[in-house]
1. Identify the single condition in (1) buried (at least 22 other Cβ atoms within 10 Å of the Cβ); (2) touching a Lys or Arg at 6+ places or on another chain (Cβ under 8 Å); (3) at pLDDT below 80 that Ala253 does not satisfy, given that it satisfies every other one.
2. For the stretch 547-575, which residues satisfy the criterion of being farther than 16 Å from Ala475 by Cα and not in a loop (DSSP other than H, G, I, E, B)?
3. Could you run through the stretch 71-102 and say how many residues are open to solvent by less than 40 Å² (accessible area, probe 1.4 Å) and closer than 20 Å to Gln124 by Cα?
4. With a cut-off of at least 3 residues that are surrounded by fewer than 23 Cβ atoms within 10 Å (Cβ to Cβ) and at pLDDT below 90, name the helices (runs of 4 or more DSSP H) lying wholly within the stretch 366-485.
5. Note down all Cβ pairs under 8 Å where the first residue falls in the stretch 632-644 and is in contact (Cβ under 8 Å) with a residue 60 or more places away in the chain, the second is among the aromatic types (Phe, Trp, Tyr) and in a helix (DSSP H, G or I), and they're at least six residues apart or on different chains.
6. For the stretch 635-654, name all the residues that are touching a strand residue (DSSP E or B) at 6+ places or on another chain (Cβ under 8 Å) and either open to solvent by 10 Å² or more (accessible area, probe 1.4 Å) or of a type in the set (Asp, Glu) (or both).
7. Which of the residues belonging to the stretch 661-671 are touching a residue at least 40 places away in the same chain (Cβ under 8 Å) and surrounded by fewer than 18 Cβ atoms within 10 Å (Cβ to Cβ)?
8. May I ask you to list the residues in the stretch 613-643 that are of a type in the set (Lys, Arg) and outside any strand (DSSP E or B)?
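The values are calculated or read from the model by the stated rules, or taken from the named source; none is laboratory data. These numbers come from a predicted model, not from an experiment. Neighbour counts are summed over all protein chains in view; Cβ atoms, including those assigned to glycine, are modelled from backbone coordinates with ideal geometry. Heads up: the accessible areas ignore ligands, DNA and RNA and are worked out on the full protein's heavy atoms, side chains in. Shrake-Rupley method; radii C 1.70, N 1.55, O 1.52, S 1.80 Å.
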Amino acid sequence: MPPKKPKNNKKPDTGTRFSRCFRLFILTLLVFSVIASVGSFLMRQQVIRRLKTLAITSSSLVLSRPFAITRDINFERVRITDRLDRLGYRRVNSKPERPGQYFAASGEALIFLREAQLGPGARQDEMLVRAVLDSQGMIKDLQTVPGKHALPSVWLEPEILSLLGTSSTRAQIAKVLPDFSPLLVKAVLATEDERFYLHFGVDPVAIVRAALLNITAGRIVQGGSTITQQLAKNLFLSSERSLLRKVREALAAVFIETAFTKEQILTLYLNQVFLGQEGKVAIHGFGEASRTFFDKDVADLSLAEAATLAGMVKAPTKYSPRRYPDRAAERRLVVLERMREAGVITEREAQNAAAEKLHVKTGQRNRRTAPYFVDYVRQQVNTLLENSDSAEGPLHVLTGIDPEAQKCANTAVRLGLRKLEAANPRLGRGKSALQAALIAVYPATGEIAAWVGGRDYGKNQFDRVSMAKRQPGSAFKPFVYLTALAGELNNYRVARTTNTLLDEPLTINIPGSGSWSPQNYDEEFRGEVTLRQALAQSLNVPTVRLAMKVGINHVARTAALFGFGEALPAVPSLALGAGEVTPMELARAYAAIANGGLLMDLRPVTSILQPGARDALYQAPLSEQRVVSEQAAFVLTDLLTTVIERGTGQSVRRLGFSGPAAGKTGTTNDTKDAWFAGFTPRLLAVIWVGFDDNRQTKLTGSQGAVPIWTEFMKCAAVMEPELKFVPPTGIVYRKIDQTSGLLDQGYCPNESVVSEIFIEGTEPITPCDRHGPGASFIDRILPPSEPDEPHPAAQRDTHRRARRPAPGPTKSFWETFFDW
C-alpha cells in the first residue's frame, strides 16, 4: 500500500483572501455596470421614443366637414362668427396679428386663418384674408392681406364633433409653447418647479427643502419632484409609492433632459398633464382644460383663470372649479401668492386676480354634437379599418356634418316634440315618450349634413335613423308614380301628369287572402283626378289603381332599384307603404330623386386619416348608379312641389318656409307613424315621428312631421346657396286646358289654363277644340273628361323609350348648376 500523502492544513493568508474578494467585487461591479448601462440605454431609448411619439399627438377625433367661405354668401346668414368662436378664434378690436384671431365690422371682416388639414392631400396655409361685405352682408370679394390678391374661396378647418373612444377616451388639444398664455406658464413654474431652468431633471435643492418642510410639519406638505420628473411619471411609470419607482423616475427625468431642450420639455408637460375627468373623458393638457372649463383658447386666459388651472395640477378633482369652486378659489390664492413671491406678478395684480369672479362653463366634453351619429360612425370606423395594419395612433375621422345644420336639427326636434305634446296632451302620457328622428343629406354627394336619432341621447341611445324599421305609409307613393312616369321602369307607357285616375270604390281580390278595399284618409271619393292631384292630395284609391295598372311587380322592382332591398312585398298594399324601412333608407331613396335619378351610397364617413398624413387610411368612394332617367326624376320633383304648394304638405308654407321645395307626407293607416321627406335644390331631410312601442300617435305626416321639417329648413336651408329646381334637357312645358287636357290655342278661359310639364315626346299635340269659335255650345258648358291615352305619336315614342335601357351615369342636374 502506498504511503498516504500528508494533509496540507496550512490556511491561506489574509492577503490572499482579500485579493480573491476584491477580484470578485470588481467582477460583480463590472457585470452590474454592464447590466445597468444596457438597461439605462434601453430605458433612455424608450423614453425618447415615447416622448417623440407624443410630442405632437392629440386625441382621435370625429370631425365635421370644413366650411368654405366664398363670394356671394351672406356672412351673417351662414353664421361665420359662430363658427369662428367654436373653433377657438378670438375676436379682436383691430387688425388680427396672429393666426386664430378675427375682426368683424360693418363692410368687412378680417380673419387670420390657421394652418389646417382639410382632408386627404388638402391643406391650407395660415393666411390673413379680408372679406368685403355689401350693405346686406353678402361677401362681394375675398382677398389676401397684404397684397389684395383675389381668392375664389378659403376654408375654416373642421370642427370637433366628438372624441372617438370609449371609457378611456383622452381629450387633448396639442399646442406649441408660444400658444400658451405667458401668465399660465409663469403660474405653473412658480407652483410646480420654480428652478426648472436651473436643474438637470432632478433638483437636490427642492428635495432637501421638501424634506425639511415635511419633517417640520410631521406630514407630507410638499413634494420635491420637478416638472421633468412629473412628466416621466405621467408618461412611463405607475403611480405606486416605492423607492424603486422614485429611482426610475429620477433616471427617466435625467434621460429626458439629455434628449430634449427645456422648451420642448415644458411644452410636453403643458400638453400632457392630467387635469380632470368629465364623464368618460379624461382632460389632458392646459389647451384642453382651458377650452373645457372656460371656453377659451389657452392664449386668452386671464391671470385668475391661469392660476386656477395651475392649481389643479396638484389634485385635479379636489380643486375642480366646476365641482368644488370654494376649494379651487383657496388653491388659486396659494398659486397667486407663490407667483408674487417669485416676483412674476405684483401685490395688486394678485389681489385683483383673487377677487375676480370666474365664469366656469358647464361640462361639454362628454356631450357630443351629434351623439347618435357619432355612435354610428364609431361602428363604421371599426368596420372600415378592421383589416388595416397602419391604423395606429390618433385618427381624424372626417364627416359631412355641418355643425350649424346639426344645431338646427337638434332644435327642430326638441321644440317640435314639445309643441306636439303641448297641443296634444295625450302624447305625453304613457310608458314611452314621443320620439322623432331626423336625417339631412346633401343629395349630390351623399354626405350627411345632420342626424338626430331620438329625443334625448342621455336617456335612450337607440338610434332611430339607422335602426328603426317602420312602415313609410304615403311617403312611399312617389315611387309608384315614378314607375308610371318612367318608361324604363315599366312595360306599359310613359304616363303624363295630366292623365286621369278614378277615385271611386275599389275592391281587389288577393288569392289566398280574400279581398281588400283601400280607402282614402278622409273616406271620401272625388271621381276623376289627375296624377298631379292624386299625389298632391295623397289619395290612396287612385294610387292603388295606378300601381295595379303599371304592375305591382314593377313597383316592387322600382323599390329595390332605389335601395329599399328585395324584402318589400309585391302586393297591392305596397302602393300605400306596406313593408318597413328606416329613415336612412328613405333618405337615400329620396336623394336619388333629388339628384336627378342617380342613386348614391350615403357617406357618413368621408375619409379617415392620421394627423399630418397626406394619404388617407380610407376615403369613401363617390359611387352612383342611374336608376331612372333625369327627365322622369324631374317630372316627379315637379309633382312633389305641388304637394307643398297646395297639397298635404302646404303647412310648410303656412309655417313660414318660402324657398323652393318638394316633398311628400307619410301617414300609416293606423296613425302609428308620421313622416315627411322633402328637399330643396341643395339639401334633403327626412323626419319620422312616433312611439317606440308602436302606440298610435293619431298624427298625420302633415301634423307631426311637417312642422319639424319646416323648422329645420327655415334654420338650415338659408345657409345654402339660393338655387332653383332647374329642368334638364328633354323637359318641355305646354299651356294646357285643365278641362280637356289638350293644348291651349288662346281661346280657353284663363282660369282653366295651366302650364304643365312633360317629358319631351310625350306632350299632347292636339289643340283644344272645346273653346273658341269652333266649339259647340255643349262643348263650352260641358267639358269632357281628360283623355286617358296620349297622342299616337307620343304613344309610339313611349314604346321606343320602354325598349331602351336607362342611360348611363351622368352628372346630376343639381351638380350641373352648382358643382359643389
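1. The failed condition is (2).
2. Once the filter is applied, which keeps residues that are farther than 16 Å from Ala475 by Cα and not in a loop (DSSP other than H, G, I, E, B), the stretch 547-575 yields Met548, Lys549, Val550, Ile552, Asn553, His554, Arg557, Leu561.
3. So the answer is 11.
4. 371-384
5. Phe634/Phe813; Leu636/Tyr481; Leu639/Tyr481
6. Correct list: Asp638, Thr641, Thr648.
7. Scanning the stretch 661-671 gives a single hit, Asn669.
8. The one that is of a type in the set (Lys, Arg) and outside any strand (DSSP E or B): Arg614.
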